[in-house]
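The values are calculated or read from the model by the stated rules, or taken from the named source; none is laboratory data. The structure displayed is predicted, hence computed values, not measured ones. FYI the Cβ positions are ideal-geometry reconstructions off the backbone, even for glycines, and counts take in every protein chain you see. To get the accessible areas, we keep the full protein, side chains included, count just its heavy atoms, and leave off ligands, DNA and RNA. Shrake-Rupley method; radii C 1.70, N 1.55, O 1.52, S 1.80 Å.
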Amino acid sequence: MVARRQVGLLVLAAALAVAGAVALESCAGRGGTADVGAIARERGLTDADIVAAVKTYQPTGRLDEYLMFSSGGHGGQVLVIGIPSMRLLKVIAAFTPEPWQGYATGADEHREMMRRARVAGHDITWGDTHHPALSETDADYDGQFLFIGDKANPRIAVIDLRDFETKQLVANPNMGTDHGAAFVTPNTEYVIESSQYAVPLWNEYADVDRYQQEYRGLVTFWKFDRQRGRVDEAASFSIELPPYWQDLADAGKGPSAGWAFINSFNGEMATGGIESRKPAFEAGASQNDMDYLHILNWQKAAQVAATPGRARMQRGQRVIPLRTAVDEGLLFLAPEPKSPHGADVTPDGRRIVVGGKLDPHVTVYAFEKIKQATEQRAFTGNDAFGVPILDFNAVIDGQLEVGLGPLHTQFDGEGNAFTSVFLDTKVVKWSVEPLQVLDEIGVHYNVGHIAVAEGDTKSPDGKYLVSLNKWAIDRFSPVGPLHPQNFQLIDLTGEKMQLLYDMPIGVGEPHYAQIIKADKLNPQLVYPVGTSPGTMAQARDAVAGGQERIERRGNEVHVYMTAIRSHFNPEHIRVRQGERVVIHITNIEQAREATHGFAIAKYNINLSLEPGESQTASFVADQAGVFPFYCTEFCSALHLEMAGYLLVEPRG
Ligand code: CUK
Ligand code: CUA
């Protein structure tokens, strides 16, 4: 306590010295005092509060040290947040249309991307994002790509960090929902997506009565083509899994590179209750003391999938049948207590930490022991599907009691682990070797994931931890029955963890986040004129200044348009009712941030054209009349004049 007070006083002294005591007096006379001590007293701030403020405040123009990419939950987006300031820097549209960035609100490119990601014949206009994964090179974030899974539908979005935009949505044809997505292998060879709620795999339909016979879990290894910046669906493969409900996944690294680990719950294979008079899922799926950690050799599986006759094509995807996976030694199970949630590989790749939601311990598995047991075929038996089960006590390093409801674990670079504890609403710091609790801090309130700076790499920075809490309850002014979520920034630099900042998240419920050193990112600030962001290459229909024109081709009217402060060229588009209008529009600016919007009244179109960007929007002019179009971005003093008319002549 004494030490903390001294720090506070030091900070005060420093702040006063910087501000300059003379200037303070003159301010005070005009109602506001600049006496830091007086302000703190008046606002009831403690020394710890002042330290927290000084550790997080960024003066105007100062950039953050880290960027956090957070899931936006069932808002379907990705949030980009600066650390330590906790300022929201960007919302990246991924699965949900986002008009202000012209995402899926008119551009043909997005329409095509969304069309390819249709699921079960439906247009899906939202997503439930859970786990973002930064691309890695040699088990370290490389700042090139970001992937995120949509639990609901089940899909993966690929975001290019050259422009922070979504480039591809990949739908999984063989899953009901996913949850272990997205996680990457150490060189981003594959993006991992594993299922959650089992559904029939080989047949379209089977009643839940036939759960054990027909329902299956699945893990898909999406092959990532880094050169193209796209998932290569044809080069990807899946492995059939037992119908336990697979949960979180993580990829091995270092000594465990080539392996993946997936938790599961509902090892009971409960099929639900209520009208069936069987126990409801919450009870039925929580009866056993042990569930199964799935241990997968993906490197070997990739070879098996490539061997003719080993994988079966199912709905256009190569799937290694469960039987083959067992015969080839691709899949093993290790018991894990009890309804586990997080599975997290330590930075050195030697251990896997599992938190059992209904068990007060974290369980630490030793990969060396797992590997030995699989090689010596030291199994205690097989599950109902023939998958070999390892001896729990032979493959763990130990267990550590951390509190009620341990969920997810992160690591620093000094051999410490941090586990979120849901029911006790706290974060516990512990050492991996020896297994020992070191510290804990209460959070507000229901903690889910936590994220540590560079926490999933082989060399985490530690330094900061963000606790991603659900249900803020009383932390912020009430804004109706549903409160914002609460991100809490925690300082890891001292012996005791210290709470620094509360950040309300007024959108979907975030799940996971990753924090990357800001200087690893190097986004471009303008596109070369005529770039299509989809390909990052010259758009076929890009328009240079002076080339603007309108061409008629049969029933189509092609408008080659430019945008530059503060006009569109042309400003009049004349078509006949029923004609197809194809507008190719290029923002020919090269000044930073000189973005223009392009909205057409009553036709549900809004594009956002960043400097240099070229896009196409096409639609049938089915409504006769006069439709203003205008720029939606306040780009200059004469921005309101950046407008034109679409004139649709009635059919005669
Ligand atoms: S989950 Cu939400 S708190 Cu989808 Cu990783 Cu654990
Ligand atoms: Cu361009 Cu406003």
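Ranking VAL319, GLY534, VAL345 by how far each Cα lies toward the positive end of the dipole of the chain (charges on Cβ) leaves GLY534 at the top.
Take each peptide in 216-228, 44-56, 613-625, count the other Cβ atoms within 10 Å of every residue, and average; sorted highest first, the result is 216-228, 613-625, 44-56.
In whole angstrom, segment 57-99 maps to an equivalent ellipsoid with semi-axes of 24, 10, 7, each derived as √(5λ) from the alpha carbon gyration tensor and ordered largest first. Using every pair of separate Cα atoms, the Kirkwood estimate puts the hydrodynamic radius of segment 518-601 at 14.4 angstrom. Alpha-carbon geometry of the chain: the Rg and the Dmax are 27.5, 87 Å, given in that order.
Amide H contacts under 5 Å for GLY217: LEU241, TYR244, restricted to partners 5 or more places along the chain or on a different chain, H placed in the peptide plane at 1.01 Å from N.
Excluding ligands, DNA and RNA, the accessible surface per residue across segment 531-649 is 46 Å² with a 1.4 Å probe. With θ taken as phi - 60° and the Karplus curve 6.51 cos²θ - 1.76 cosθ + 1.60 applied, the whole-hertz 3J(HN,Hα) list for segment 202-213 is 8, 10, 5, 9, 7, 5, 4, 4, 9, 4, 5, 6 Hz, x standing for glycine and proline.
Only helices enter this figure: runs of n ≥ 4 DSSP H residues, each worth -39500 (n - 2.57), summed and divided by the residues of the chain, yield -3500 deg cm²/dmol at 222 nm to the nearest 500.
The label point for ARG574 and the one for ASP383, both projected 7 Å from the Cα toward the Cβ, are 7.0 nm apart.
Ligands, DNA and RNA left out, the 1.4 Å accessible surface of the chain is 52% carbon and sulfur atoms.
For segment 148-238, GluC sites (Glu not before Pro) are listed when DSSP marks them as loop and at most 10 other Cβ atoms sit within 10 Å of their Cβ; the list is GLU204. Over the chain, Cα pairs under 8 Å with separation of 6+ residues give a relative contact order of 10 percent. For segment 405-511, the ratio of Cα radius of gyration to the globular rule of thumb 2.2 N^0.38 Å stands at 1.06. Placing a label point 7 Å from the Cα of ASN393 along the Cα-to-Cβ direction, no residue of segment 339-355 has its backbone N under 15 Å from that point.
Work out the P(r) tail for segment 531-649: percent of alpha carbon pairs separated by more than 23 Å, whole number. The share of Cα pairs beyond 23 Å in segment 531-649 comes to 24 percent. The phi-based Karplus calculation (6.51 cos²θ - 1.76 cosθ + 1.60; θ = phi - 60°) puts the 3J(HN,Hα) values of segment 463-469 at 6, 10, 10, 10, 9, 8, 9 Hz, whole numbers, x for Gly and Pro.
Placing R0 at 60 angstrom, the Cβ-Cβ distance between SER459 and GLN623 gives a FRET efficiency of 0.55 after rounding to 0.05. Can you give the log10 of the normalised intensity I(q)/I(0) at q = 0.10, 0.14, 0.19, 0.24 Å⁻¹, computed with Debye over equal Cα scatterers of segment 370-466? Cα-only, vacuum Debye calculation for segment 370-466: -0.37, -0.66, -0.91, -1.10.
When all alpha carbon pairs of segment 272-335 are counted in 5 Å bins from zero, the resulting P(r) reads 4, 15, 18, 14, 10, 11, 14, 10, 4, 0 %. In this Cβ point-charge picture (+1 for Lys and Arg, -1 for Asp and Glu), segment 388-437 has a dipole of about 180 debye about its Cα centre.
Applied to segment 536-546, the Karplus parametrisation 6.51 cos²θ - 1.76 cosθ + 1.60 on θ = phi - 60° returns per-residue 3J(HN,Hα) values of 6, 10, 4, 6, 4, 10, 4, 10, 8, x, x Hz, with x for Gly and Pro.
The three principal axes of the C-alpha atoms in segment 204-260 carry coordinate ranges of 45, 28, 14 Å, sorted with the longest axis first.
Pairs spanning more than 32 Å between alpha-carbon atoms, out of LYS90/LYS300; LYS151/LYS520; LYS496/LYS517; LYS369/LYS520; LYS253/LYS429: LYS90/LYS300; LYS369/LYS520. Compared with the direct C-alpha span, the chain from LYS300 to GLN213 gains 28.7 nm at full extension, assuming 0.36 nm per residue.
Distances between placed amide hydrogens fall under 5 Å for LEU358 paired with LYS338, all partners being 5 or more residues away or on another chain. Across segment 605-652, the fraction of Cα-Cα pairs farther apart than 18 Å, rounded to a whole number, is 43%. The P(r) of segment 159-315 has a tail past 20 Å containing 54 percent of all C-alpha pairs. Close amide H contacts of GLN168 (hydrogens built in the peptide plane, cut-off under 5 Å, sequence separation of 5 or more or a different chain): VAL158.
With the charge dipole of segment 531-649 set up from +1 on Lys and Arg Cβ and -1 on Asp and Glu Cβ about the Cα centre, the Cα lying farthest toward the positive end among the listed residues HIS584, GLY554, SER636 is that of GLY554. Extension gain, LYS223-ASN203: 0.36 nm per intervening residue step, less the Cα-Cα distance, totals 4.7 nm.
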